[in-house]
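Notes to accompany the following structure.
The values are calculated or read from the model by the stated rules, or taken from the named source; none is laboratory data. The shown structure was predicted, so the numbers you read here are calculated from the model rather than taken from an experiment. A quick note on method: Cβ atoms are made from the backbone with ideal geometry, for glycine too, and the neighbour counts reach across all protein chains shown.
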Amino acid sequence: MKIDRRKFIKFTSLTTIGLAGTPIARALTGEDSLLAPVKPEPSLDNPLTARRWAMVIDLRKCLSKEGCTACINACHLTHNVPDFGNPKDEVKWVWKEPFEHAFHEQEHEYIDEKLKHAPTLVMCNHCDNPPCVRVCPTQATFKRETDGVVMMDWHRCIGCRYCVVACPYGSRSFNWRDPRPFIKKLQPDFPTRTRGVVEKCTFCEERLAKGLLPACVEACPEKALTFGDLENPESEVRALLKENYTIRRKPALGTQPEIYYII
Amino acid sequence: MYDAGKIIIGLIIFLIIITFPVWYNIAMGKATYIPQLEYPVDAEQCVADSAYIRASHMDLLNTWRDKVVREGERVYHTPDGRRFEMSLSNTCMKCHNKKEEFCDRCHNYLAVDPYCWDCHIEPKELVP
């Protein structure tokens, strides 16, 4: 069989048109799955998994929007966190702390005044070596071997508050009173806690199981929070850690916190 | 025995009073009372057969709790190949959405007071 140039060009151009046909037809019929990246439906069938979850907080972006509490609101709404309206009973999963308190080791006499009092976003650091887990007498708080999340089993918590004392970051809150009446809007798919139980951030493990990013990461309008697998060299967090100089809270304590800050 | 007559009569009266709830309920036909539960109308089949659920639902829930919280496993596979999310609020209470007519009737009858709903939210509480 002999193919001359004319025939070859005819054949290849027809093939190209034929290949282009499917996406064009899909686009015309409204089936645009080939043209746009598909985001899978939140379901237990496609969970987000990692060997070591970690978060990078870009403080420059975070501070650029003054007075923003989008992440805090989203988290506290999602997890039925009560608002007692008084600092003595306060329960918090993620909150803001002046920079000089969050990073007192970094603070000095001549530090930029603006940064010194800047409201720094802080939460549970999901330490690699968590002191709260070591002291818990009932193993109500434990470290998940699969992905490094420092988890809480509220069924088991007896309210001894050893963990509250052990945590060097103040990430744990105790329910001194019944939280139910102080929850503004109940979320049916997440439990509340009772009086006498300690609570804290769980890296939204119930959302990860459904393939969703943590509520705070999703809610941030400045995209200042990045969540990903620390052990995957291709991940977004690893890229950020490679490109930027990052600090962690109280590294000298040896808890190996897994929240990184870009200042 | 002194005053045998008085003592024996006294004992008989005592026994009658102490067993009063028992024979009173028999006489009133309440001894055969069984709590009537309201089953969901539009659901086809529970995660396990009724005999097992009736006797061991608390064990199943305890297993589910440990699987989800401690092992991070969330999907329950029934022997006949159906899949469910292991969740009291999001699976059980989606069909059995009337806690008072289902859970409470039996629990009250047996005088058990499970603390599930101290934290987990029953469907009714969402209605403002």
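Residues that are within 23 Å of A:L230 (Cα to Cα) and among the charged types (D, E, K, R) do not occur anywhere in region A:70-91.
Results for (1) in contact with a strand residue (DSSP E or B) (Cβ under 7 Å, 6 or more places away or on another chain); (2) surrounded by 11 or more Cβ atoms within 10 Å (Cβ to Cβ); (3) away from every other protein chain (no Cβ under 14 Å); (4) part of a strand (DSSP E or B), shown as yes or no for each residue.
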site	(1), (2), (3), (4)
B:G29	no, no, yes, no
B:Y52	no, yes, yes, no
B:V68	no, yes, no, no
B:K94	no, yes, no, no
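Residues in region A:154-168 that are in contact with a helix residue (DSSP H, G or I) (Cβ under 8 Å, 6 or more places away or on another chain) and more than 23 Å from A:W95 (Cβ to Cβ): A:H155 alone. Note on region A:223-246: residues that are among the aromatic types (F, W, Y) and part of a loop (DSSP other than H, G, I, E, B) amount to 1.
Among the residues of region A:201-219, some residue qualifies, meaning at least one is crowded, with 21+ Cβ neighbours inside 10 Å and at positive phi. Considering each of A:R180, A:R249 in turn, give the residue that is in the same structural domain as A:E145 (by TED's automatic domain parsing) and under 25 Å from B:I121 (Cα atoms). Among A:R180, A:R249, only A:R180 is in the same structural domain as A:E145 (by TED's automatic domain parsing) and under 25 Å from B:I121 (Cα atoms).
Listed conditions (1) away from chain B (no Cβ under 14 Å); (2) touching a residue at least 60 places away in the same chain (Cβ under 8 Å) are all met by A:K114, apart from (2). Restricting A:S235, A:S173 to those that are among the polar types (S, T, N, Q), more than 18 Å from A:D89 (Cβ to Cβ) and more than 14 Å from chain B (Cβ to nearest Cβ) reduces the list to A:S235. Residue count for region B:78-89 satisfying the condition of being within 12 Å of chain A (Cβ to nearest Cβ) and surrounded by fewer than 16 Cβ atoms within 10 Å (Cβ to Cβ): 1. If the condition is being at pLDDT 95 or above and of a type in the set (K, R), then region A:184-194 contributes only A:R193.
So which residues in region B:99-119 are touching a Leu at 6+ places or on another chain (Cβ under 8 Å) and within 22 Å of A:R195 (Cβ to Cβ), if there are any at all?
B:C116 - this is the single residue of region B:99-119 that is touching a Leu at 6+ places or on another chain (Cβ under 8 Å) and within 22 Å of A:R195 (Cβ to Cβ).
Would you mind stating whether B:V41 is in contact (Cβ under 8 Å) with a residue 24 or more places away in the chain and assigned by TED's automatic domain parsing to the domain that holds B:H107?
Answer is no for this residue.
Each row is one residue, and each column tells you yes or no for (1) under 23 Å from B:E100 (Cβ atoms); (2) at pLDDT 90 or above; (3) under 17 Å from the mean Cα position of the chain (by Cα).
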| site | (1), (2), (3) |
| --- | --- |
| B:A27 | no, no, no |
| B:I53 | yes, yes, yes |
| B:M58 | yes, yes, yes |
| B:T63 | no, yes, no |
| B:D66 | no, yes, no |
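Look through B:H120, B:H57 and report the one residue that is under 24 Å from A:R156 (Cβ atoms) and touching a Ser or Thr at 6+ places or on another chain (Cβ under 7 Å).
B:H120
Out of the residues in region A:198-257 that are among the polar types (S, T, N, Q) and in contact with a strand residue (DSSP E or B) (Cβ under 8 Å, 6 or more places away or on another chain), which is nearest to A:E145 (Cα to Cα)? Per the criteria, the residue is A:T202.
Can you pull out every residue in region A:180-222 that is acidic (D, E) and either within 8 Å of chain B (Cβ to nearest Cβ) or not in a loop (DSSP other than H, G, I, E, B) (or both)?
A:D189, A:E199, A:E205, A:E206, A:E218
Would a scan of region A:169-183 turn up a residue that is touching a helix residue (DSSP H, G or I) at 6+ places or on another chain (Cβ under 7 Å) and buried (at least 21 other Cβ atoms within 10 Å of the Cβ)? Yes, region A:169-183 contains at least one residue that is touching a helix residue (DSSP H, G or I) at 6+ places or on another chain (Cβ under 7 Å) and buried (at least 21 other Cβ atoms within 10 Å of the Cβ).
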